Amino acid sequence: MPTTTRKKQKQGRDTAVQGTNDSSVVSKVSAAAQGYFHDNFLQHFVCKVARRAPLINRGYYVRWRAVDHCVRRFLQVTENCPKRQILSLGAGFDSLYFRLHADEALFRAVVFEVDFPDVTRRKTALIDSDMTLRRMLDSDLPPPTGPVYVCSGQYRLLGLDIREESQVVEALDAAGLDWAAPTLILSEVVLTYMETQRSDVVISWAAKLLPQSLFVMYEQIHPHDPFGRIMQDHFLKLNSTLHALRQYPDTAAQRRRFLDKGWEQCVCLDMNDFYLGLVPEGERCRVEILEPFDEYEEWHQKCSHYFILTACRGSLMAQAVLTHPPVSPVPSISPSRSPVALSVKTVPVCLEGLGMASTSVSSGQVLLTGGSSRGGRGAVTRVLLRGREGWRSVSVEPSVDLGVRLYHTVTPLPGGGIVVYGGRSSPLNPIRSLFKVTLEPCGPPGPLDSQDQDAVRLSVEQMVCTGHPPPPRWRHTAAIISHKGKDFLFVFGGKNESEAVLGDGHFLCLDQQHWTEIPAEGAAPQGRHSHSACSYQGGVVVFGGLDRRGVPLGDTVVLRPTDRGFSWERIEVQPPPVPRYSHCAHVIGERLVVVGGVWLHSDGVPGVVVIDLSTQSSVEFSLDTASVPWPVMLHSFCSELTDSEEPELLLIGGGGNCFSFGTHFNPQPVTVELRPALG
């Protein structure tokens, strides 16, 4: 390739990387404007304030919080030093200096910022044209020259390519950096844009030249799971490849990287560990009520794909290294993993959706209600029909509008029909109505392969129930249980607009349509949402979910019938399954088959865990998705057991908003072969 062509490509990549700064600062301004953190100076670096989605605001909050945590710790440890420094690499339009200066936190400290010359010129122009920013700089020093664009007593802004070590060292020397003074080196999503060989060099020369230093880095990890693949594709489209992911795909590899490059100690935490373990509970509660929020799966996945790292040189800086959470938010578990991977195959039907509910109404018929898709939240009701040529999707028009609803339940009734309960249209609008739905064939009898779009009809009637109904909710469960010869709909858990989790259980007598009370002895499971509950031996078996702290659960609890009512019994499964939520579950004989969901630390998509309720044992099976041409995301999805000769699961919908990288919808249902898991 000619030299001029390579040079143009490099310039194009550099320009694309610089563009990530502009997007980032707008998102930080949005988070600050909504009260996630206090920063009066970011707004001076954008032309117009734009409000981002709550998920984006939370994501930039946890980034800001992690970096601020490390910076404040460094300043605390070095407060008695005669001189200390912050060296921010690829600083972009960060307002760190101005914020710390306003807080009077820079006593005997100097902030050095380095970025591409084009970015630095733009930042200098913004500072020069803004009285608020300009008056925070003293003008006693000589005018800046060479790569130094702003030169103040406590602030130096340099325009350099940090990949050029000799130029950086020479320019920092000239700008007054004291190589022997305690120094914090800050890199927020910077080094990963470089070829890994070059970023390794930066890490090495920082360790070599700064004997009393703390390196703080915030970057991405886990490139190979579905979220990671979409994340990588996003940056590839921006011409900003994330190079470090290939060689350093997880926190362990990043830690080894720094220790191998001359750093004495290194602690690396993913953002779930940081947020749940090192952000005080009161602060988390403050943040979590700032905006209506119902994107837990996307939030935890975002946090599992970013890390905060501190590495140190020198005994003083060892005190500033991140501490591990005093108690791990998710206990370390060593599950029993089968070497067998369960085969996953696509079903040639175009059907997508998040937050739908499903149920098998008869052989080869699956009803799907609610959810959202590329077209937004909709009230479309579908039926999946299986005939001789396979599955097909049919839209049906119910006799009564079921409305827009997500994260609701549809429960088949013993005598026929389905109960549609709960859900929401938005995080501020729970659905209160309760419907009974009957699926009826329509038209002359014929093969289900017929393309007649009126093959089925939905008869819908609103149920008017007496008694005291439960508070409205979504992300709950509803299952059929039996008591003294009568069938009840048992509703448990969930959340609503005022409660982060619900832990109450409610009984609806189906023949009388009356909400009643039935005594349930024993210790009830803690409140949760996004769990599973399956009918089992006249009662129900509950598994997993998300607790009040926002931590996944891995417990198995059975509500068993007794002479007086019911009794809760905890099943101590060994080895314990990996905690998860937003999964689906089915009872097959004495086995609870759990598929998909979200967990916090393990790589990849949760596969299938089979819990033997009689032996109280579990085995985890991974999923072989090699034959599926797109990333399979198994949360906010539906699952049904098929009645084919080979036992299998039919998984429908699923996906999620992958932070700022785009929304992914599984475009087709998939099947999971169960025979290897069931033996």
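Of all trypsin sites (Lys or Arg not before Pro) in the stretch 555-644, which ones are in loop regions per DSSP and have a Cβ with at most 13 other Cβ atoms within 10 Å?
Details: sites: Arg564, Arg570, Arg580, Arg591; in loops: Arg564.
Answer by residue number: Arg564.
How many percent of all Cα-Cα pairs in the stretch 533-592 sit more than 17 Å apart?
Numbers: 749 of 1770 pairs.
Roughly 42 percent, once rounded to a whole number.
Rounded to the nearest percent, how much of the accessible area of the stretch 304-429 (1.4 Å probe, protein heavy atoms only) is carbon and sulfur? Write out the running numbers ahead of the final one.
Values: 2690 of 5250 Å².
Using a 1.4 Å probe with all protein chains present, the stretch 304-429 comes out at 51 percent carbon and sulfur.
Can you give me the relative contact order of the stretch 366-445 as a percent, contacts being Cα pairs under 8 Å and 6 or more apart? Could you put the intermediate results ahead of the total?
Numbers: 131 pairs, mean separation 15.8, N = 80.
About 20 percent, as a whole number.
Specify the inter-centroid distance of the stretch 493-561 and the stretch 197-240, based on alpha-carbon positions, in whole Å.
The distance from the Cα centre of the stretch 493-561 to that of the stretch 197-240 comes to 43 Å.
Would you mind estimating how fast the stretch 561-615 diffuses translationally, via Stokes-Einstein at 37 °C and 0.692 mPa s with the Kirkwood radius over Cα pairs, in µm²/s? Let's see the in-between values first.
Values: Rh = 12.9 Å.
Here the translational diffusion coefficient equals 255 µm²/s.
Restricting everything to alpha-carbon atoms, can you work out Rg to Rh for the stretch 191-253 with a Kirkwood hydrodynamic radius?
Values: Rg = 13.2 Å, Rh = 12.8 Å.
Rounded to two decimals, Rg/Rh equals 1.03.
Compute the accessible area per residue over the chain, keeping the other protein chains in place, probe 1.4 Å, unit Å². Show your work: numbers first, answer last.
Details: 27460 Å² over 679 residues.
Heavy-atom accessible area per residue stands at 40 Å².
Helix 226-237: angle to the longest alpha-carbon principal axis of the chain, degrees 0 to 90, nearest 10?
Compared with the principal axis, the helix lies near 50 degrees.
What accessible surface, in Å², does a 1.4 Å probe find on Ile480, ignoring ligands, DNA and RNA and rounding to the nearest 10?
Accessible surface of Ile480 is approximately 30 Å².
Over the stretch 114-182, what lengths in whole Å, largest first, do the semi-axes of the equivalent ellipsoid take, defined as the square roots of 5 times the eigenvalues of the alpha-carbon gyration tensor?
Values: eigenvalues 88, 47, 17 Å².
Semi-axes from the Cα gyration tensor: 21, 15, 9 Å.
Can you pull the Rg over Rh of the stretch 90-247, Cα-only, Kirkwood?
Details: Rg = 16.9 Å, Rh = 17.0 Å.
Ratio of gyration radius to Kirkwood radius: 0.99.
Using only the alpha-carbon atoms of the stretch 241-350 as identical scatterers, what base-10 log of I(q)/I(0) does the Debye formula give at q = 0.16, 0.17 Å⁻¹?
Here log10 of I(q) over I(0) equals -0.99, -1.05.
Around Gly282, with a cut-off of 15 angstrom between Cβ atoms, what is the net charge of the other residues, counting Lys and Arg +1 and Asp and Glu -1?
Working: positive: Arg65, Arg284, Arg286, Arg548, Arg549; negative: Glu281, Glu283, Glu288.
Neighbourhood net charge equals +2.
Just round it to a whole percent: the fraction of Cα-Cα distances in the stretch 547-679 exceeding 27 Å. Don't skip to the end; give the middle numbers.
Working: 2115 of 8778 pairs.
That fraction is 24 percent.
Take the solvent-accessible surface of the protein heavy atoms, probe 1.4 Å, and return the percent of it on the stretch 91-149 that carbon and sulfur atoms account for.
Numbers: 1540 of 2850 Å².
Ligands and nucleic acids excluded, carbon and sulfur reach 54 percent.
Would you mind classifying the stretch 42-138 by shape? Square roots of the alpha carbon gyration tensor eigenvalues, ordered a ≥ b ≥ c; an a/c under 1.5 is rounded, otherwise it is prolate if a/b is larger than b/c and oblate if not. Write down the numbers at each step before the final one.
Working: a/c = 1.84, a/b = 1.20, b/c = 1.54.
Oblate.
What's the longest piece of the chain with no exposed GluC sites (Glu not before Pro), counting a site as exposed if DSSP puts it in a loop and it has at most 14 other beta carbons within 10 Å? The partial results should precede the final answer.
Details: sites that count: Glu79, Glu104, Glu164, Glu195, Glu389, Glu517, Glu572, Glu590, Glu645.
Result for the longest clean stretch: 196-388.
Would you work out what percent of the accessible area of the stretch 633-679, with all protein chains in place, is carbon or sulfur (probe 1.4 Å)? Before the final figure, lay out each step's value.
Values: 640 of 1400 Å².
Its accessible area is 46 percent carbon and sulfur atoms.
If we count every other residue with Cβ under 10 angstrom of Val558's Cβ, Lys/Arg +1 and Asp/Glu -1, where does the sum land? Could you put the intermediate results ahead of the total?
Details: positive: Arg560, Arg570; negative: Glu569.
Residues near Val558 contribute +1 overall.
For the stretch 516-605, what relative contact order do you get, as a whole percent, if you take Cα pairs closer than 8 Å and at least 6 residues apart? Show your work: numbers first, answer last.
On the way: 181 pairs, mean separation 22.6, N = 90.
Over the stretch 516-605, the number comes to 25 percent.
Report the rotationally averaged projected area of the stretch 462-613 based on its alpha-carbon convex hull, in square nanometres. Don't skip to the end; give the middle numbers.
On the way: hull surface 38.6 nm².
With every direction weighted equally, the projected area is 9.7 nm².
Rounded to the nearest 500 deg cm²/dmol, what is the calculated helix-only ellipticity per residue at 222 nm for the chain, with -39500 (n - 2.57) per DSSP H run of length n ≥ 4? Write down the numbers at each step before the final one.
Numbers: 15 runs with 162 residues, N = 679.
When only DSSP H runs of four or more count, the value is -7000 deg cm²/dmol.
At q = 0.18, 0.23, 0.25, 0.26 Å⁻¹, what is the log10 ratio I(q)/I(0) for the stretch 157-227, with the Debye formula run over Cα points and no solvent?
At q = 0.18, 0.23, 0.25, 0.26 Å⁻¹ the computed log10 ratios are -0.76, -1.18, -1.35, -1.43.
Divide the volume of the convex hull of the Cα atoms of the stretch 606-679 by its number of residues and quote the answer in cubic angstrom per residue. List each step's numbers first, then the result.
Numbers: hull volume 8.7 nm³, N = 74.
Hull volume over Cα atoms, normalised by residue count, gives 117 Å³.
Quick one: compute the contact order of the chain, relative version, from alpha carbon pairs under 8 angstrom and 6+ residues apart, as a percent.
Details: 1520 pairs, mean separation 71.9, N = 679.
Computed value for the chain: 11 percent relative contact order.
Report Leu406's accessible area, 1.4 Å probe, all protein chains in place, as a number in Å² to the nearest 10.
Accessible surface of Leu406 is approximately 10 Å².
How many angstrom separate the Cα center of the stretch 104-151 from the Cα center of the stretch 334-404?
57 Å
Using alpha carbons only, how many degrees (0 to 90, rounded to 10) separate the axis of helix 251-260 from the longest principal axis of the chain?
20 degrees
Residues with beta-carbon under 14 Å from that of Val168, excluding Val168: net charge, scoring Lys, Arg +1 and Asp, Glu -1? Can you show the working numbers first?
On the way: positive: Arg156, Arg163, Arg198, Lys208; negative: Glu113, Asp115, Asp161, Glu164, Glu165, Glu170, Asp173.
Every neighbour counted, the sum reads -3.
The values are calculated or read from the model by the stated rules, or taken from the named source; none is laboratory data. Remember, it's a predicted structure, so these values are computed and weren't measured experimentally. Note: ideal-geometry Cβ built from the backbone for every residue, glycine included; neighbour counts use all protein chains shown. Calculation scope for accessible area: heavy atoms of the full protein, side chains included, ligands and nucleic acids excluded. Shrake-Rupley method; radii C 1.70, N 1.55, O 1.52, S 1.80 Å.
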